[in-house]
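Trainee: Quick one: the structure is below, and I'll ask about it shortly.
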Amino acid sequence: MAATLEWLKHPGLQHFLIVGGILFALGLYAVLTRKNGIMVLMGVELILNAANINFIAFSRYSARALDGQMFALFVIVLAAAEVAIALAIVLNIFQNFNTINIDEIDKLKE
Amino acid sequence: MTSDILITLSLLVWLLPLANFAVLIFFHRRIPRSGDWLATSVVFGTLILSFIILITKLTVYPEQVLQAVYRWVDFGNVPGFGRLSIEIGITIDNISAIMATVVCIVSSLVHLYSIGYMHGDIRYGRYYAYLGIFTFAMQGIVLTNNFLLLYISWELVGLSSYLLIGHWFEKKSASDAAKKAFIVNRFGDVGMFIGILILYATFHSFRFDTVFNGVRSGVLPFGSEAWLTAAGILLFCGAVGKSAQFPLHVWLPDAMEGPTPVSALIHAATMVAAGVYMVARTFPMMTADALLVITYIGTFTAFLAATIAIVQTDIKKVLAYSTVSQLGYMIMGLGTGAYTAGFFHLTTHAMFKAGLFLAAGSVIHAMQHSLQSLNDNQTDAQDIRNLGGLKEKMPITFYSFLMYTLAISGIPLTSGFLSKDEILAGTLVFGKMTGHTIIPIVAFFVAGLTAFYMFRLLILVFLGKHANEQRIEHIHESPAVMTIPLVVFAVLSFFIFFSFNPFNASSGWFEHAVERPEFVVPASVAAASTAQFEGVLHGMHTPAMLISLTVVLIGIALSFGTYYWKKINADALAQKFSWLYKFLYNKWYIDEIYEAIIVNGTKVFSRILGWIDSTIVDGVVNGVAKLTVGIAHGVQKTWKLQSLPAILYIIATALLSLYIGWEAMLLFIPDTSSVLIVIEYGILGLAVSALTFFLFYKGVGGFDTTIIDGVVNLVASVSGLLGLVVRRLQTGKVQTYILWVLFGVIIFFLWFS
């Protein structure tokens, strides 16, 4: 217990990677299990942010100036663009199928 | 009590409402009564804590500023900028302690009131969760010691107002109003953000005290006083949005679509108070020019909203415009340099305006019940023309409403009288010192207008006769959870809580606690210093009081003459000056102007962009596709080729023949090479190629049908067989594919690790 507390008190690379890992796993879980298309998109966002945390953590704990932070900034900008487009796609899907439940959309089969 | 404990308590005051939000948003379905008891008791707990903080602060540490700073991020040395580390923290000085208490009082009473008002609502639990995050965000603005946390909380306030205004989002008007509030606020926030960045770029810190000390020591943004003025005005832009000043006031009246207790919260303690509070916070770094802009915007807003409030017929709309007008008053007060008065009015106004809204909610609640029991879906419960004569039926609501109306009009013995009088005295000083005499004139006129329209509301709703005999039979006083907050607010509207002298607040605790800070800006661009200001102020109290009382009494008399004794015919006047009436009724047509210029402008711009996308960009793409198809068709027609293997076969033979021709040419060509000879032999080589090609094409035609087609068919049937197997995996659902990808990645990992 004391060791755990001590470990928690001094954040290092591991801590960030664990947070990133948890975030990634949650995102992946959302992507795989949610039925609502928008929820799936949210999962994708979580995955992207997990990657961001890893980028920044690695950059901070290695000798690489601000490379990771730059990457993370790019990812954030791209994620914003991605959301705009993805939501447009969801809207279109809704117009075509009258649902955004991605279980009911299996036209890829044909 | 040490200062550490105070800091801890203020952290609790700040974070407990957030805990409310977190618990309720996830678990409100599992908690009995959706957790309203939990949220309400926790907020009452923070109310007690905030009182402890306030009293300790004022008695033990009356002069000190208590701070707790935490280094949030440290980027180390950033090339081209220097050391980049971001500190956040909280500060407890007198204004933040007072404001935190005000927020707690209003928030806790609104929580209590909502138990009655929102009873049986479809999203009851979520409503309480949102109230929690709203309170949390506002306390963040109040308690922070730096611009960054201020900005974050500022945006959180925007978000939670969006959620609460759009609480009944099934109604189109409610969801529109929520979006409008959010988007209009964005305009102001962009300015505020730029202002913060200007300061950060210069002082490398978000903290208020660091920035102020920097300015005091003579460091100016980009070395110029104009940039300091610009930073001040840009910061004020944020307040223009949040505190609903002209030209961004348009969201506030629409925000009446939210539940009435939310309106009380927005109008009294959170959201609109944030802007005024922020101006008070950044007051020391405002230059004279920035303050002049602030004064004029505030004055104009006060006037604009008061004129509109006169003709509105929706009970909540009248109150909404009266809020806009009073906010203009506070901003004007701060702008003129009457810092204490502006902040004082923010506090007193919070009490009676929250009360006014809750009382209006009580009326609407009773009216809706009456209409429901009569099965009437047509009548608008909020239209004051359908109300009237509620005095006997709802005595508690009436007497508290009367108290608030007296307070907002500025009648002696009320808190509103004290604070309003101070602001008016401040405008008189400002007019005398700077020569802008229009400011006090408009301010006094608005004071009269305020009294007029508030008493109009009171008379039309509570006095006279009710519009419908049947309806009034079914109207009853609201339950105790709703009337207790009304009474508390009414009591808090008395002068005694702010000063023992009912005519002058300068001896009261409030004015001692909230002293105007000195400007930190260079003397050449600073407005009148505190000493100069107070010097002139001294002789202004009595004239301000006398003029304002006269104007207010005239306003009230006119109001009674028009709506109670009916000596003046309001309808006839409206007919006679119909252009003016229409102009005011339609809110100066400001919404229409915005619709025409900004909304339609955006629409036209996006249509142009859409046209570029669908015509030019798509045109190029489609053009390339069409070109390719055209070429393919052309080739197919001339060569009469049917299948891909045949094309491949021909290309292969052609390449082979060309190679043979080339080799033949190299074989025969002599070493002496002149251009003519090369051309000659080139033609020879081509002839050989053509011959070979012809032979292959014609003579070995059977090769195509047996061997080539055979191989192709074999491949086809094998892939067909494979397809039958793989088809099972092809569910057509995206998530299955992602699952396969995941398996693939895992296998890769196992393989390579």
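Trainee: Pop a pseudo-label 7 angstrom from the Cα along the beta-carbon direction at both B:Leu648 and B:Ile677 and give the gap in nm to one decimal.
Mentor: Inter-label distance under the simple model: 4.3 nm.
Trainee: For chain B, what is the calculated [θ] at 222 nm in deg cm²/dmol (nearest 500), taking -39500 (n - 2.57) for each run of four or more DSSP H residues and dividing by its residue count? Can you show the working numbers first?
Mentor: Values: 31 runs with 523 residues, N = 753.
The helix-only estimate for chain B comes to -23500 deg cm²/dmol at 222 nm.
Trainee: Just to verify a number: FRET efficiency for A:Trp7 and B:Asp314, C-beta to C-beta distance, R0 = 56 Å, to 0.05?
Mentor: Numbers: r = 60 Å, r/R0 = 1.07.
With R0 = 56 Å, the Cβ-Cβ based efficiency is 0.40.
Trainee: Taking every Cα atom in the stretch B:1-128, find the radius of gyration and the maximum pairwise distance Dmax, and write them in Å.
Mentor: For the stretch B:1-128, the Cα radius of gyration and maximum Cα-Cα distance read 18.6, 59 Å.
Trainee: Based on the alpha-carbon gyration tensor of the stretch B:498-560, what equivalent-ellipsoid semi-axes (square roots of 5 times the eigenvalues) come out, in whole Å, largest first? Present the calculation step by step, with values, prior to reporting the outcome.
Mentor: Values: eigenvalues 183, 58, 22 Å².
Taking √(5λ) for each eigenvalue gives 30, 17, 11 Å, largest first.
Trainee: For B:Gln368 and B:Ser85, calculate 0.36 nm times their separation in residues minus their Cα-Cα distance, and state this gained length in nm to one decimal.
Mentor: Working: separation 283, 0.36 × 283 = 101.88 nm, distance 5.54 nm.
Between B:Gln368 and B:Ser85, full extension yields an extra 96.3 nm.
Trainee: Shifting gears a bit: May I ask you to give the solvent-accessible area per residue for the stretch A:13-97, in square angstrom, as obtained with a 1.4 angstrom probe? Numbers along the way, then the final one.
Mentor: Values: 5430 Å² over 85 residues.
I get 64 Å² per residue for this part.
Trainee: Other chains near B:711-719: what is the mean number of their Cβ atoms within 10 Å of each residue's Cβ?
Mentor: On the way: counts 0, 0, 0, 0, 0, 0, 0, 0, 0.
The shielding value for this peptide is 0.
Trainee: Moving on. Could you check how much of the accessible area of the stretch A:13-97 is carbon and sulfur, as a whole percent, using a 1.4 Å probe? Walk me through the intermediate numbers first.
Mentor: Details: 4180 of 5430 Å².
In the stretch A:13-97, the share of accessible area belonging to carbon and sulfur is 77 percent.
Trainee: Sticking to Cα atoms, compute the Rg of the stretch B:411-540 to one decimal and its Dmax as the biggest Cα-Cα distance, whole number, in Å.
Mentor: Just the Cα atoms of the stretch B:411-540 yield Rg and Dmax of 20.6, 69 Å.
Trainee: Once the cut-off is 44 Å, how many percent of the Cα-Cα pairs in chain B end up in the long-distance tail?
Mentor: On the way: 114431 of 283128 pairs.
Tail of the P(r) past 44 Å holds 40 percent of the pairs.
Trainee: A further question follows. Is any residue of the stretch B:57-72 close enough, with backbone N under 17 Å, to a label point placed 7 angstrom from the Cα of B:Thr8 along the Cα-Cβ axis, and if so, which?
Mentor: B:57, B:67-69
Trainee: Now for a different question. What's the magnitude of the charge dipole for chain B around its Cα centre, counting Lys and Arg as +1 and Asp and Glu as -1 at the beta-carbon? Answer in Debye, nearest 20. Could you put the intermediate results ahead of the total?
Mentor: Values: 43 positive and 41 negative charges, 275 e Å.
In total the dipole reaches around 1320 debye.
Trainee: What ranking do B:724-730, B:349-355, B:486-492 get when scored by the average of other Cβ atoms within 10 Å per residue, highest first?
Mentor: Details: B:724-730: 9.6, B:349-355: 28.6, B:486-492: 21.7.
Highest to lowest by the protection proxy: B:349-355, B:486-492, B:724-730.
Trainee: Figure the gain on full extension for B:Asn501 and B:Trp72 (residue separation times 0.36 nm, minus the Cα-Cα span) and round it to one decimal in nm. Spell out each step's value before the answer.
Mentor: Values: separation 429, 0.36 × 429 = 154.44 nm, distance 4.64 nm.
The B:Asn501-B:Trp72 span can extend by a further 149.8 nm.
Trainee: A follow-up question, please. Which shape class, rounded, prolate or oblate, goes with the stretch B:272-427 when its Cα gyration tensor gives a ≥ b ≥ c as root eigenvalues, a/c under 1.5 marks rounded, and past that a/b bigger than b/c marks prolate?
Mentor: It is prolate, given that a/c is not under 1.5 and a/b is the larger ratio.
Trainee: What is the calculated FRET efficiency for B:Asp383 to B:Tyr564, with r their C-beta to C-beta distance and R₀ = 25 Å, to the nearest 0.05? Before the final figure, lay out each step's value.
Mentor: Details: r = 19 Å, r/R0 = 0.76.
Given R0 = 25 Å and the Cβ-Cβ separation, E is 0.85.
Trainee: May I pose another question? If every alpha-carbon in the protein assembly as shown counts as one equal scatterer, what log10 I(q)/I(0) does Debye give at q = 0.10 1/Å?
Mentor: Result of the Debye calculation: -1.17.
Trainee: What percent of all Cα-Cα pairs in the stretch B:223-298 falls into each 5 Å bin, going from 0 up to the bin containing the maximum distance?
Mentor: For the stretch B:223-298, the pair-distance distribution reads 3, 16, 24, 21, 15, 10, 6, 3, 1, 0.
Trainee: As a test question: what accessible area, to the nearest 10 Å², does B:Glu595 have when a 1.4 Å probe is rolled over all protein chains in place?
Mentor: About 90 Å², rounded to the nearest 10.
Trainee: Let me ask you something else. For the stretch B:62-159, which whole-number percentage of the solvent-accessible area (1.4 Å probe, protein heavy atoms only) is attributable to carbon and sulfur atoms? Intermediate values should be presented prior to the final figure.
Mentor: Details: 1830 of 3120 Å².
Exposed carbon and sulfur together represent 59 percent of the surface.
Trainee: Another question, if that's okay. Over the stretch A:13-97, what per residue volume does the convex hull of the Cα atoms give, in whole Å³? Mind showing how you got there, number by number?
Mentor: Working: hull volume 5.2 nm³, N = 85.
Looking at the stretch A:13-97, the number lands at 61 Å³ per residue.
Trainee: Treating only the Cβ atoms of Lys and Arg (+1) and Asp and Glu (-1) as charged, compute the dipole magnitude of the protein assembly as shown about its Cα centre; round to the nearest 20 debye. Mind showing how you got there, number by number?
Mentor: On the way: 50 positive and 49 negative charges, 246 e Å.
For this selection, approximately 1180 debye.
Trainee: How large is the accessible surface per residue of chain B, computed with a 1.4 Å probe and reported in Å² as a whole number?
Mentor: On the way: 34150 Å² over 753 residues.
I get 45 Å² per residue for chain B.
Trainee: Something else: Roll a 1.4 angstrom probe over the protein heavy atoms and tell me the percent of accessible area of the stretch B:446-567 that is carbon or sulfur. Could you put the intermediate results ahead of the total?
Mentor: Details: 3850 of 5740 Å².
Percent of accessible area from carbon and sulfur atoms in the stretch B:446-567: 67.
Trainee: Also: Taking the alpha-carbon set of the stretch B:526-634, what are its Rg and Dmax in Å?
Mentor: According to the Cα coordinates of the stretch B:526-634, Rg and Dmax are 32.3, 98 Å.
Trainee: Sticking with this one: To the nearest 0.05, how large is the calculated FRET efficiency for B:Glu473 and B:Asp121 if R₀ is 22 Å and r is the Cβ-Cβ distance?
Mentor: On the way: r = 26 Å, r/R0 = 1.19.
E between B:Glu473 and B:Asp121, to the nearest 0.05, is 0.25.
Trainee: OK, next. Hey, what's the per residue convex hull volume over the C-alpha atoms of the stretch B:49-105, in cubic angstrom?
Mentor: Numbers: hull volume 6.0 nm³, N = 57.
Enclosed volume per residue, from the Cα hull, is 105 Å³.
Trainee: Now for a separate question. Arranged from highest to lowest average of other beta-carbon atoms within 10 Å per residue, in what order do the peptides B:168-179, B:215-226, B:357-368 appear?
Mentor: Packing order, densest peptide first, comes out as B:357-368, B:168-179, B:215-226.
Trainee: Between A:Ala86, A:Ala51, A:Ala63, which gets the highest mean-square fluctuation from a Gaussian network model of chain A, Cα cutoff 10 Å?
Mentor: Among A:Ala86, A:Ala51, A:Ala63, the largest mean-square fluctuation in the Gaussian network model of chain A belongs to A:Ala63.
Trainee: Just the Cα atoms of the stretch B:173-238, one point each, no solvent: what log10 I(q)/I(0) does Debye give at q = 0.27 Å⁻¹?
Mentor: Debye intensities relative to I(0), on a log10 scale: -1.11.
Trainee: Give me the inter-chain shielding for A:27-35: mean count of other chain Cβ atoms within 10 Å, whole number please.
Mentor: Working: counts 0, 2, 0, 0, 5, 6, 1, 1, 1.
That works out to 2 on average.
The values are calculated or read from the model by the stated rules, or taken from the named source; none is laboratory data. Here the structure is a predicted model, which means the values were calculated and not measured. Please note: Cβ atoms are built from the backbone with ideal geometry, for glycine as well, and neighbour counts cover all protein chains shown. Each accessible area value is taken on the protein alone, full model and side chains, heavy atoms only, with ligands, DNA and RNA left out. Shrake-Rupley method; radii C 1.70, N 1.55, O 1.52, S 1.80 Å.
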